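Enquirer: Below: one structure in structure tokens.
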Amino acid sequence: MAEFYGNYIDGRWVPAKSGRRSPSLDPATGEVLGEVARSGPEDVDEAVEAARRAFRTWRLTPAPKRGEILYRAAELLRDRKEELAAMLTREMGKVLAEARGDVQEAIDITYFMAGEGRRQFGHTVPSELPDKWAMAVRDPIGVVAVITPWNFPTAIPSWKIMPALVLGNTVVFKPASDTPILAAMLVGILEEAGLPPGVVNLVFGGGEEVGEALLRHPGVDMISFTGSVESGQHVAEVAARHGLKRVSLELGGKNAVIVLADADLDLAVDGIIWSAYGTTGQRCTACSRLIVERAVAEELEERIAARARSLRLGHGLRPETEVGPLINRTALERVKSYVEVGRREGARLVVGGEEAEVPGLAGAFFQPTVFADVRPEMRIAREEIFGPVLSLIPVDGLEEAIEVNNGVQYGLSSSLYTRDVHRAFRAIRDLATGIVYINAGTIGAEIQLPFGGYRMTGNGHREAGIAALDTYSEWKSIYVDFSGRLQRAQIDTH
Ligand code: UN1
């Protein structure tokens, strides 16, 4: 019998009130890994109530104490890294080395936010009036609904949950339906680390039932969501109509690597292959456009095509595997349809473009794919595909490259390969993305800096780094007048 994972509400693991369950599958084999509760609005109600109750005491728990619990959670994550990574590969499909990276990113952010228990700096400033004190401190927002995708099942929830907790918020966590077991493991670690009941609650289920209920719930103060632009727009609209909740959105990308003619091409090829086909292209930071100076376009095309052709597909737990499966058949159909779109638009298919057969594995595998002669206005050069498809766009120089890079609705990550420091700094100034890499690919952000993007990649908030503290807190400005008389700001200042 498959192991069953219940919701975690008010410190107890419980089945859905309806008793319904859904399976979690290994995307490479179709094997059932376990079953989880399939919840509805009635389960959400309980979770939100528990989170509201817990908020009363958690917000008053000294922040250093909250940080200590996170520190213990970080230690447990570190101790269980191998166990988590192995299950992560089985449930999500990415190769084991990358699964370890996913868990490591969770460890990193958890230690980082544990440290914030003893920082959370505010501002103390001079008042314009005598005998008056002026300062600002952070306050928690309240109950935060954390709605996360399947592509980073440990890292992304941790980016959201850890800063929310250290600041004194409580959480209702709805993980993606494709990766529930990893969510249960993460919450189990927080429980073991000593988090009081109700501070984090976990509710499994689909967007339509559980997600919608959270967006509309009057007891939820903030929604932190990572997913597609379409879903993000929906989240923002509904949350606005239901209490004008704070909404932090981390949405798609159409990230480009730019290669200038003077670049170290060996280095560039390594970075492009890693960014385009790592995680089977299923990162919001994945490279899906290669903007290349004409003089080296042909050579780069040949080298990228040769490498893409030789990548080994398979189960992520096998040591020889370089590229795992797509998350499910729906994802595969979407990638396939984009290949059709590219063909019809007149792009030249250089390699790949088909579903791949991997002997003995029933999963949704897709050949690493390269399109050449892509023009910036084509759909395959503008829309997020979220699969192993790379579009080569030739340009005449850096200025045009930057224009093409900035000319899409997304603005998450971009990269430039050059040996020319002048052009590198011009690009750093002018690339309009939340993350810029020089002589490295588009993936691999570290948690101590802000993570997020311009334009429709988000709505101005940032994950990770100190910036995440702004996302998950309110500022409270405090004035203490100890003059003993009425002092009018802006008026009695002379
Ligand atoms: C994502 O794809 O949603 O920079 C997150 C990176 C990783 C995080 C990616 N550290 O690629």
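The values are calculated or read from the model by the stated rules, or taken from the named source; none is laboratory data. Values in this document were obtained by computation on a predicted structure and should not be read as measured data. Cβ atoms come from the backbone with ideal geometry, glycine included; neighbour counts cover every protein chain shown.
Enquirer: Just the residues that are surrounded by fewer than 21 Cβ atoms within 10 Å (Cβ to Cβ) and assigned to a helix (DSSP H, G or I), please, taken from region 339-377.
Expert: Residues satisfying the conditions are GLU340, VAL341, ARG343, ARG344, GLU345.
Enquirer: Every residue in region 391-411 that is within 16 Å of the ligand (Cβ to nearest atom) and in contact with a strand residue (DSSP E or B) (Cβ under 6 Å, 6 or more places away or on another chain), please. It would help to see each step written out before you state the result.
Expert: Initially, region 391-411 is screened for residues within 16 Å of the ligand (Cβ to nearest atom), giving 410-411.
Hit for region 391-411 is GLY411, nothing else.
Enquirer: If you don't mind, another one. Residue by residue through region 95-132, note down the ones that are assigned to a loop (DSSP other than H, G, I, E, B) and under 27 Å from TRP274 (Cα atoms).
Expert: Correct list: VAL95 only.
Enquirer: Is it true that some residue in region 467-484 is within 16 Å of the ligand (Cβ to nearest atom), under 26 Å from MET378 (Cβ atoms) and modelled with pLDDT of 95 or more?
Expert: No.
Enquirer: Going by the structure shown, is ALA489 surrounded by fewer than 17 Cβ atoms within 10 Å (Cβ to Cβ) and within 16 Å of the ligand (Cβ to nearest atom)? Steps first, answer last, please.
Expert: On the way: surrounded by fewer than 17 Cβ atoms within 10 Å (Cβ to Cβ): yes; within 16 Å of the ligand (Cβ to nearest atom): no.
For ALA489, the condition - surrounded by fewer than 17 Cβ atoms within 10 Å (Cβ to Cβ) and within 16 Å of the ligand (Cβ to nearest atom) - is not met.
Enquirer: Just give me the residues in region 396-431 being closer than 22 Å to VAL269 by Cα, in contact (Cβ under 8 Å) with a residue 60 or more places away in the chain and surrounded by fewer than 21 Cβ atoms within 10 Å (Cβ to Cβ), in sequence order.
Expert: ASP396, GLY397, VAL404, ARG419, ASP420, ARG423 - these are the residues of region 396-431 that are closer than 22 Å to VAL269 by Cα, in contact (Cβ under 8 Å) with a residue 60 or more places away in the chain and surrounded by fewer than 21 Cβ atoms within 10 Å (Cβ to Cβ).
Enquirer: Ok, one more. Among the strands (runs of 3 or more DSSP E) contained in region 139-236, which hold 3 or more residues that are within 16 Å of the ligand (Cβ to nearest atom)?
Expert: Answer list for region 139-236: 222-226.
Enquirer: For region 409-455, enumerate the residues that are aliphatic (A, V, I, L, M), more than 17 Å from ILE291 (Cβ to Cβ) and assigned by TED's automatic domain parsing to the domain that holds ALA286.
Expert: VAL421
Enquirer: To continue, here is another question. Within the bounds of region 296-307, is there any residue that is buried (at least 24 other Cβ atoms within 10 Å of the Cβ) and either out of contact with any strand residue (DSSP E or B) (no Cβ under 8 Å at 6 or more places or on another chain) or polar (S, T, N, Q) (or both)?
Expert: Within region 296-307, not a single residue is buried (at least 24 other Cβ atoms within 10 Å of the Cβ) and either out of contact with any strand residue (DSSP E or B) (no Cβ under 8 Å at 6 or more places or on another chain) or polar (S, T, N, Q) (or both).
Enquirer: Six or more apart or on different chains, Cβ atoms under 6 Å: show the pairs whose first residue is in region 291-302 and in the same structural domain as LEU431 (by TED's automatic domain parsing) and whose second is assigned to a helix (DSSP H, G or I).
Expert: Partner pairs satisfying both residue conditions: ILE291/ALA401; ILE291/VAL404; VAL292/LEU300.
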